[in-house]
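Since the structure comes first, as structure tokens, the remarks are kept for the end.
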Amino acid sequence: MHVRTVRSAVMIGVLTVGVGCVPPPRAATTLEQSNNVRDEATVDALFAPPSSESIPGDLRGEQIRLGYEIVVHTQEYGKPYVGNALNCANCHLDAGLNPNAASYVGISGLYPEYRARADRRMSLADRVNECFERSMNGKALPPDSSKLQAVVAYIDWLSQNVPRGSKISWRGIPRITSTRPPDLVNGKNVFAKKCVFCHGSDGQGTMAAPPVWGPKSYNIAAGMARVSVAASFIKANMPRGWGWSVTDDEAFDVAAYINSQPRPDFPDKVHDWPKGGKPADTPY
Ligand code: HEC
Ligand code: HEC
């Protein structure tokens, strides 16, 4: 088990109020301390989200705030493009500020980036649209959409203190690996004991938590539909507020159980990985 440690400059509080912010397990190094080591070539970028007070008071600031609303309240602000009951922040926890849950901090500088699944170079906006189509089981926003531009503006703003070209040690989800094939029977037991309370015995979600399978969940072409991705997310973050409390095997078993349940299809999946490289746990 590897608890992700990230050097941190500032922790922003204001933006995440009401989003169920749980401080992630990590050792923070202050900006002052880190300045001493910044010249070393091997130094990772700082996990350095800006303070919400630094959102400009102009039109750009309005765009950033709209982007935040879309990420946190996607059901309301992203409506015509969403095809399930999720919000971006259900997976990109704490509005993208959680370094154990595919954080948005610092990722702007990594785009454009070649993606083997699509076999093309993608802009950050393209990548956002991939999650709209798959994780949100919805549709891509047009390139000139003000909503798409707002999400990108929010991520750009979160990334501003992370220099382009630096290493983003907290990118994605801290990955765990399995020691044996997943056990669906144990997965069902883990789900009943540790997940049903919030996600419901039918996995369709409750007032307390979003669905994890069924017609209102992510589709089969989403990253979360891969057992290793879901297992890693669950390990670090679930039960919500009690991350790192299940064993790696339990995380794999329950992830395999969830992902063995029905969920929406994604017909365009036939175009994925045209040049190969499909991960072994892709469910199609
Ligand atoms: C069901 C969970 C889920 C939902 C909902 C979701 N995403 Fe994602 N998203 C992921 C996963 C998993 C990844 C890949 C993380 C990795 O590479 O380890 C990802 C990756 C991304 C990335 C690229 C991150 C990087 O490091 O380059 C962006 C940008 C993104 N999502 C934006 C969004 C936006 C905007 C929404 C809402 C419209 C959204 N996502 C909804 C699970 C989700
Ligand atoms: C205390 C309540 C609670 C428990 C228990 C809990 N979760 Fe969650 N889970 C949540 C909440 C709330 C979210 C959305 C997080 C957010 O929006 O901040 C979530 C999100 C998720 C997601 C990503 C979003 C989605 O719905 O696809 C998955 C997958 C998930 N949980 C799996 C699990 C598994 C597996 C367990 C059991 C090991 C579990 N959860 C236990 C509350 C809980």
Checked segment 228-238 for anything near ligand 2 (Cβ under 7 Å from one of its atoms) and under 13 Å from Thr282 (Cβ atoms); matches are Ala230
Collect the residues in segment 262-271 that are within 14 Å of ligand 1 (Cβ to nearest atom) and surrounded by fewer than 21 Cβ atoms within 10 Å (Cβ to Cβ), keeping them in residue-number order.
Pro264, Phe266
So Asp144 fits all but one of (1) more than 16 Å from ligand 2 (Cβ to nearest atom); (2) touching a residue at least 24 places away in the same chain (Cβ under 8 Å); what number is the exception?
(2)
Residue in segment 185-227 that is farthest from ligand 2 (Cβ to nearest atom), counting only those that are buried (at least 21 other Cβ atoms within 10 Å of the Cβ) and polar (S, T, N, Q):
Asn219
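Return yes or no: is Ala89 over 22 Å from Pro283 (Cα atoms), buried (at least 18 other Cβ atoms within 10 Å of the Cβ), modelled with pLDDT of 95 or more and touching a Lys or Arg at 6+ places or on another chain (Cβ under 9 Å)?
Spelling it out, it is not the case that Ala89 is over 22 Å from Pro283 (Cα atoms), buried (at least 18 other Cβ atoms within 10 Å of the Cβ), modelled with pLDDT of 95 or more and touching a Lys or Arg at 6+ places or on another chain (Cβ under 9 Å).
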Hits in segment 234-259 (condition: in a loop (DSSP other than H, G, I, E, B) and away from ligand 1 (no atom under 16 Å from the Cβ))
Pro239, Gly241, Trp242, Trp244, Ser245, Val246, Thr247
Given the structure, is Ile168 out of contact with any His (no Cβ under 7 Å at 6 or more places or on another chain), of a type outside the set (Gly, Ala, Ser), more than 20 Å from Glu76 (Cβ to Cβ) and surrounded by 22 or more Cβ atoms within 10 Å (Cβ to Cβ)?
no
Exactly one of (1) within 18 Å of Ala85 (Cβ to Cβ); (2) in contact with a Lys or Arg (Cβ under 7 Å, 6 or more places away or on another chain) is unmet by Ala251. Its number?
(1)
Could you figure out which of (1) touching a Cys at 6+ places or on another chain (Cβ under 7 Å); (2) within 15 Å of ligand 1 (Cβ to nearest atom); (3) not aliphatic (A, V, I, L, M) isn't true of Thr206?
(2)
Just need a number here: residues in segment 132-176 that are touching a Lys or Arg at 6+ places or on another chain (Cβ under 9 Å), in a helix (DSSP H, G or I) and under 21 Å from Phe266 (Cβ atoms).
2
Just a yes or no: is a residue in segment 272-279 surrounded by fewer than 22 Cβ atoms within 10 Å (Cβ to Cβ) and closer than 15 Å to Phe191 by Cα?
no
Within segment 89-115, which residues are more than 22 Å from Arg164 (Cβ to Cβ) and either part of a loop (DSSP other than H, G, I, E, B) or in contact with a strand residue (DSSP E or B) (Cβ under 6 Å, 6 or more places away or on another chain) (or both)?
Cys91, Asn98, Asn100, Ala101
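The values are calculated or read from the model by the stated rules, or taken from the named source; none is laboratory data. Bear in mind that the values here come from a model prediction, so they are computed numbers and not experimental data. So basically every Cβ, Gly included, is an ideal-geometry build from the backbone, and we count neighbours across all protein chains shown.
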